[in-house]
1. With the checklist (1) touching a helix residue (DSSP H, G or I) at 6+ places or on another chain (Cβ under 7 Å); (2) under 12 Å from Ile6 (Cβ atoms) in hand, flag the one item Met61 doesn't pass.
2. Return the residues of the stretch 43-68 that are over 13 Å from the mean Cα position of the chain (by Cα) and surrounded by 14 or more Cβ atoms within 10 Å (Cβ to Cβ); say none if nothing qualifies.
3. If a residue has to be free of Cβ contacts under 8 Å to residues at least 24 places away in the same chain, of a type in the set (Gly, Ala, Ser) and either assigned to a helix (DSSP H, G or I) or touching an Asp or Glu at 6+ places or on another chain (Cβ under 8 Å) (or both) to count, how many in the stretch 1-53 make the cut?
4. For the stretch 29-39, state whether one or more residues are out of contact with any Ser or Thr (no Cβ under 6 Å at 6 or more places or on another chain), closer than 15 Å to Met1 by Cα and at pLDDT 95 or above.
Amino acid sequence: MTLPQIQKIWYETNIDGVSIISWSTYFITSCVWLLYGIFHKNIPIIFTNFLWILANGMIVMGILVHGS
């Protein structure tokens with residue numbers, strides 16, 4: 001679901017039906033999980049949530065850039 005949203009936003013510059021609230025929540029949740037992984041020194045959680053932060057961040061930034 002995330003990769004098609006990135007394509008839709010960045011390549012087609014279409015943000016119809018994409019919620020800034022939902023994707024911001026996903027982004028913040030990934031940040032919290034990353035901090036949890038760092039605190040507990042759990043490499044799989046750190047790696048996975050780092051990737052989610054990149055993906056969710058691209059979507060949130062795309063919504064902000066193309067949302068005018």
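1. Going through the list (1) touching a helix residue (DSSP H, G or I) at 6+ places or on another chain (Cβ under 7 Å); (2) under 12 Å from Ile6 (Cβ atoms), Met61 breaks only (1).
2. Result: Ile45, Ile46, His66.
3. Matching residues across the stretch 1-53 total 2.
4. To start, the set of residues in the stretch 29-39 that are out of contact with any Ser or Thr (no Cβ under 6 Å at 6 or more places or on another chain) comprises 29-39.
Okay, now just the ones that are also closer than 15 Å to Met1 by Cα, so none.
No - not one qualifying residue is present in the stretch 29-39.
The values are calculated or read from the model by the stated rules, or taken from the named source; none is laboratory data. The shown structure was predicted, so the numbers you read here are calculated from the model rather than taken from an experiment. Cβ sites come from the backbone with ideal geometry, for glycine too, and all protein chains shown count toward neighbours.
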